[in-house]
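Asker: First the structure, which I've put down as structure tokens, then a few questions once you've had a look.
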Amino acid sequence: MSDLLLEVTDAEFRYAKGSAPAATGINLEVRAGEAVGIVGESGSGKTTVGRGLVGSLHPSAGAVLVQGRPWKGMRRRDPVRRVVQMVFQDPYASLNPMLSAQATVAEVVRVWDGAKADVATVRAEEILAEVGLSGEVIRRRPAGLSGGQRQRVGIARALACGPQVLVADEPTSALDVSVQANVLNLMLDLRARRGLAIVLISHDLAVVDYLTDRALVMLNGKVVEQGDTRTLLQHPSHEYTKTLIGSIPGKPLAFSP
Amino acid sequence: MTTASLTQTPAPAPRKHWLRLPHWRFAQRRPRGALALGLALLALIVLATIFVPMFSPYTATEIAGKPLMPPSLAHLFGTDTAGRDVFVRTWVGGRNDLLMVVLVVVASSAIGTLVGVVASMSSQLTDSILMRLTDALISFPGMIIVMAIALVFSGVGEVGPFPRGALPAVIAIVAINWASYTRLVRGEALSLRSRDFITAATLLGYSKTRIIVRHLLPNLATTVVAYMVVDAIVAVVTIAGMPFIGAGIQPPAPEWGSLMLAGSTVLYSAWWVTVMPGLVVTVYGIALSLIADSLLAEVDGGAR
């Protein structure tokens, strides 16, 4: 079986029929275990591409294939849906305020594995422990958790259906700097332990440098440059990439948690 | 010091609320205290509607003394134009009113919430059809529809604990009242749908039923319950207003509106016939208002 998990070919994304494309000419391949960064300023189309990757926005032209199959028309409970999951930017809005951390993760286990409540609860505890949450904390609702803990619950929820790709849309931008490092290290750790592929969407070049092997730079809905992350950041060829790098206060780039 | 004062961001002004009555401010500052006070007052009224008719030496329809006797130890709220005890009639009337209010609010909220959630989760066409129907109902003058429906069902007699005229009134009010819940719930549900936790549920392949039951409804509950409490005030005013247009509970069964209507002709000479039931209705309104405001203050605080 091919290790190609996600394949985007000449994709164009629009939010409404007839509206201007939010992203166009997108080509991207994500293979098992690799980490890809998508960088760009606000409005560059990187979140749009992220939404396309997880199937919440269908391309108006071109194709987005997950394990060779298009998102469009895929059944709600198609096993291929498990392959790609998302970690959201805002840990405050991404969790149901009425469900505890444990219930949030257990629900995914119940839905996808058909597990009974007690089995799902135990499995949820294991997954939450894997992201560093255990004890009384997991019985709290989101309002009782810190931003970093919430983001960990979001990651645990994504992990609960056994994905092979995590698409993380600015997963640390709403967090304190110290917490950012913890979450990024957790993602690195998960990548190593589970062999997860990661697509990291971020405006923060230091974060992309720290976490990814390959990066795409987006401007006005188009990919203007892509390649090996370190090479791209050290020897940018496009003017926009140079501007992005030049605008970082306090170089060097390397993220130092 | 200069630097600090220059860089300091001014504290945001407290949010103004359209309802600036003293109890709202109390509810906003001490929501739990307001909730406790509201619940205590409501409990007092509910208990009185249960126990006063049980232990009163008079029934609601018997002639208990001379007509228009002022309040005394024998007749705490005085007597009405026919010599009936206003105290026992107020609480029997209250029981009739509260039973109707519960039925109106529960049925309206159930229908309205269901239609609102379905509209928010449906295709644009279904949503448009349901919402235009709702708009049409809301835009009609409510009392005229209530009168018409109450007249259609006027043949319905006494049913269980409901005296003659009560159920037609309930049906009439529910028939138009659910629409306001639909508007509220659809708006809230659409706002929730744009939240990431609903997107996550969709990406995780959850069914629409699961998303509605586990993720939308629990998050709508506080808003709907707060509105139900406000609606319970509006409903009692509507029910109390029905005798003035010849609908609602039929005499001689008492009801707050008909009690006050009966007293309006002798208001200057025998104020107690109108004022005493009116005071009970006022306390009922304040109790529910305190509960609703404390719930709204919780929602408001939670949102921030």
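Nothing in this text is a laboratory measurement; each read-out follows from the coordinates by a stated rule. Everything quoted here is computed from the prediction, not taken from an experiment. Please note: Cβ atoms are built from the backbone with ideal geometry, for glycine as well, and neighbour counts cover all protein chains shown.
Asker: Loop by DSSP (not H, G, I, E, B), at most 15 other beta-carbon atoms within 10 Å: where is the longest site-free stretch of chain B for GluC sites (Glu not before Pro)?
Answerer: After excluding every exposed loop site, the longest remaining stretch is B:159-304.
Asker: For peptide B:191-198, how many partner chain Cβ atoms fall within 10 Å of a residue's Cβ, on average?
Answerer: The mean count of partner-chain Cβ atoms within 10 Å per residue comes to 5.
Asker: Beyond 31 Å, what percent of the Cα pairs of chain A remain?
Answerer: 24 percent
Asker: Right, next: Could you check the simple spin-label distance between A:Arg230 and A:Ala117, using points 7 Å along Cα→Cβ, in nm with one decimal?
Answerer: Rounded to a tenth, the inter-label distance reads 5.2 nm.
Asker: Aspartates and glutamates within cross-link reach of A:Lys242: Cα-Cα under 17 Å, excluding same-chain residues under 8 positions apart?
Answerer: Straight-distance partners of A:Lys242: A:Glu41, A:Asp204, A:Asp209, A:Glu225, A:Asp228.
Asker: If one takes the longest principal axis of the Cα atoms in chain B, at what angle in degrees, from 0 to 90 and to the nearest 10, does the Cα axis of helix B:124-139 lie?
Answerer: Helix B:124-139 sits at roughly 30 degrees to that axis.
Asker: Another question about this same structure. Helix A:117-130: angle to the longest alpha-carbon principal axis of chain A, degrees 0 to 90, nearest 10?
Answerer: The helix A:117-130 is inclined about 50 degrees to chain A.
Asker: Something else now. Taking each residue of A:99-111 in turn, how many C-beta atoms of other protein chains fall within 10 Å of its C-beta, and what is the average?
Answerer: Whole-number average of other-chain Cβ neighbours for A:99-111 is 2.
Asker: Also, I was wondering about something else. In nanometres, what is the gap between the two model label sites at A:Ser146 and B:Tyr268, each 7 Å from Cα along Cα-to-Cβ?
Answerer: According to this spin-label approximation, the distance is 7.4 nm.
Asker: Round to the nearest 0.05 the FRET efficiency obtained for B:Thr222 and B:Arg29 when R0 = 22 Å and r is the Cβ-Cβ distance.
Answerer: 0.70
Asker: Out of the DSSP beta bridges found with both residues in the protein assembly as shown, what percent are antiparallel (nearest 5)?
Answerer: Details: 22 of 40 bridges.
In the protein assembly as shown, approximately 55 percent of DSSP beta bridges are antiparallel ones.
Asker: Calculate the FRET efficiency for B:Phe51 and B:Arg210 from the Cβ-Cβ distance with a Förster distance of 41 Å, rounded to the nearest 0.05.
Answerer: Efficiency, rounded to the nearest 0.05: 0.35.
Asker: Would you work out if chain B is rounded, prolate or oblate? Take a ≥ b ≥ c from the square roots of the eigenvalues of the alpha-carbon gyration tensor; rounded if a/c is under 1.5, else prolate when a/b is larger than b/c, oblate otherwise.
Answerer: Oblate shape, in that a/c is at least 1.5 and b/c is the bigger or equal ratio.
Asker: Trypsin sites (Lys or Arg not before Pro), restricted to segment B:163-255: which are DSSP loop and have at most 10 other Cβ atoms within 10 Å?
Answerer: Numbers: sites: B:Arg164, B:Arg183, B:Arg186, B:Arg193, B:Arg195, B:Lys208, B:Arg210, B:Arg214; in loops: B:Arg164, B:Arg195.
When the trypsin sites (Lys or Arg not before Pro) of segment B:163-255 are filtered for loop state and at most 10 Cβ neighbours within 10 Å, nothing remains.
Asker: Kirkwood hydrodynamic radius for the protein assembly as shown: how many Å is it when counted over pairs of different Cα atoms?
Answerer: 27.9 Å
Asker: Within segment A:1-84, list the trypsin sites (Lys or Arg not before Pro) lying in a DSSP loop whose Cβ has at most 14 other Cβ atoms in a 10 Å radius.
Answerer: Of the trypsin sites (Lys or Arg not before Pro), the ones in loops of segment A:1-84 whose Cβ has at most 14 other Cβ atoms within 10 Å are A:Lys17, A:Lys72, A:Arg75, A:Arg76, A:Arg77.
Asker: May I ask you to derive the relative contact order of chain B, considering only C-alpha pairs under 8 Å and at least 6 residues apart, and to give it as an integer percent?
Answerer: The normalised contact order for chain B reaches 27 percent.
Asker: Angle check, please: helix B:166-193 long axis (alpha carbons) against the longest principal axis of chain B (alpha carbons), in degrees 0 to 90, nearest 10.
Answerer: 20 degrees
Asker: How much net charge surrounds B:Lys66 when only other residues with a Cβ under 15 Å from its Cβ are counted (Lys, Arg +1; Asp, Glu -1)?
Answerer: So the environment of B:Lys66 carries a net charge of -2.
Asker: Okay, next question. Ignore the peptide's own chain and count Cβ atoms of other chains within 10 Å of each Cβ in A:82-93; give me the average, rounded.
Answerer: Rounded to a whole number, the mean comes out at 3.
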